[in-house]
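In what follows, a structure is listed as structure tokens, so that the remarks can point back to it.
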Amino acid sequence: MTATGAKKVRNGEIPEGWRSLQWGDLATLEYGKGLRNYSQVGKYPVYGTNGQIGYCDQCLSGSPGVIIGRKGAYRGVHYSKGPFFVIDTAFYLKPKQDNLDLRFAYYELLKQDINSLDTGSAIPSTTRESFYSLQVLLPPLSEQRVIAKVLSDLDAKIELNHQMNKTLESIAQAIFKQWFVDFKFPGHEKTKFVNGLPEGWREGNLVDTCEIIMGQSPPGETYNESGDGIAFYQGNRDFGFRYPSTRVYCTAPTRIAEAGDVLISVRAPVGALNITLGQCAIGRGVAALRMKHYSNGFLYYFLLTQNNLWDRYNSEGTVFGCLNKAEFHKMQVIIPSDKVMALFDEIITPIQAMIQSREEESRALTQIRDSLLPRLMSGKIRVKE
């Protein structure tokens, strides 16, 4: 990557060879169409305001393209790598000329605040007219493609990491089920069963195996979004697949979870799970659980099997829809022998470490991409093939 000079114009600086245009000069927004049936399988992805919502067997656009949310409080920008269908809550971009690379268009639009293009109606929405007036700096087609490749290569690596982590997670869950639900652990063929349990195993309560730290919300004035203090989690809003994303920080935490602790939401909805990447503060909507003698792998995968219990908490109203320490004490668990637990740790710990490593790499790559995006799109950083 190399920096380059720029010539001044009234609205700022335009890199040499680039043009200052409006989106209406480059493309039209085409309406999506109503679709009665779509599912989780099919030939073509189906997109709505917030991204892909399923699949169907017909396409609205026969080539890759950019989808832009039309209705809703959050209207995102999305890219389809192949033919796709768009429902009537979104637009798709149709270039007017051959000098626009659609992957470049996608990344350029990511830096636009689409949600600010609001009609002011009861249902927030984006109009074609407001979109067409948005400014865009357009490099030559060859440079558009190089810029798009830099950013898409980063996204491809991030996506590969996510897919690998999903595969590793599926493997870990399958091992847990085979060992601790189906009782087909190594050596089970030679193990005696007593009262339906392998010899050396026993029934117990969750508190026999782990420590439970109930969250407590610190004073509201200690919260911030500027990075002061430590990460703070109040509920499941920031939970996703493994490791919550930090949105709020706290300068005076009252309850602390340590790296590797299992986090669980304890207020409706109950039962959302995550694992901490580092030390963090927890509010009253979250509890942190920590195994006493082994790694937290067993604990995490055991809690993943308790969906029926969480459904009960979430379906029986606000009185029951809260998981307090007394309820945790009542939770029953089958406690395996020390030998089997130690062997499970030997297998699951490296898997957990690989998942964490890939997630940390993805977060670092995301920061790099987000830092590069505005610089590449403004021409402050120039790239060549």
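Using the Kirkwood formula on the Cα atoms of the range 256-385, what hydrodynamic radius do you get, in angstrom to one decimal?
Values: mean 1/r = 0.0569 Å⁻¹.
About 17.6 Å for the range 256-385.
GNM on the chain, C-alpha springs below 10 Å: top fluctuator among SER39, SER371, SER265?
Answer for the Gaussian network model of the chain: SER39.
Apply the Debye scattering formula to the range 146-236, with a single equal point scatterer on each alpha-carbon and no solvent, then give log10 I(q)/I(0) at q = 0.11, 0.13 Å⁻¹.
Log10 of I(q)/I(0), two decimals: -0.75, -0.88.
Per-residue accessible area for SER226 at 1.4 Å probe radius, Å² rounded to 10?
The value for SER226 is about 90 Å².
Which of the residue pairs LYS71/LYS94; LYS111/LYS384; LYS43/LYS71; LYS292/LYS325; LYS96/LYS166 have a Cα-Cα distance greater than 28 Å in the structure shown? Display every interim value, and only then the final one.
On the way: LYS71/LYS94 19 Å; LYS111/LYS384 22 Å; LYS43/LYS71 25 Å; LYS292/LYS325 17 Å; LYS96/LYS166 39 Å.
Table pairs above 28 Å Cα-Cα are LYS96/LYS166.
Taking R0 as 45 Å, what's the FRET efficiency between LEU365 and GLU199 from their Cβ-Cβ distance, rounded to 0.05?
0.40
Give the range of the longest stretch in the chain that excludes all trypsin sites (Lys or Arg not before Pro) found in loop regions by DSSP and having at most 15 other beta-carbon atoms within 10 Å. Before the final figure, lay out the partial values.
Numbers: sites that count: ARG10, LYS33, ARG36, LYS43, LYS81, LYS96, LYS111, LYS184, LYS192, ARG247, LYS292, LYS380, LYS384.
The segment 293-379 is the longest one with no such site.
Given a Förster distance of 25 angstrom, what is the FRET efficiency for LYS96 paired with VAL248, based on the Cβ-Cβ distance and rounded to 0.05?
0.05
Taking the Cα atoms of the range 187-268 alone, what are Rg (to one decimal) and Dmax (as a whole number) in Å?
For the range 187-268, the Cα-based Rg and Dmax read 19.2, 60 Å.
State in Å² the accessible area per residue of the chain; use a 1.4 Å probe, count heavy atoms of protein chains only, and round to the nearest integer.
Heavy-atom accessible area per residue stands at 52 Å².
Of [x] 18.5; [y] 20.2; [z] 24.6, which is the value of mean projected area of the Cα convex hull in nm² derived from the coordinates here?
After the calculation, the listed value that fits is [z].
If R0 is 41 Å, what FRET efficiency do you get for ASP25 and LYS166 from their C-beta distance, rounded to 0.05?
0.50
The values are calculated or read from the model by the stated rules, or taken from the named source; none is laboratory data. Worth saying up front: this structure is predicted, and the values here are computed from it rather than measured. Cβ coordinates were reconstructed from backbone atoms using ideal geometry, including for glycine residues, and neighbour counts include every protein chain displayed. Each accessible area value is taken on the protein alone, full model and side chains, heavy atoms only, with ligands, DNA and RNA left out. Shrake-Rupley method; radii C 1.70, N 1.55, O 1.52, S 1.80 Å.
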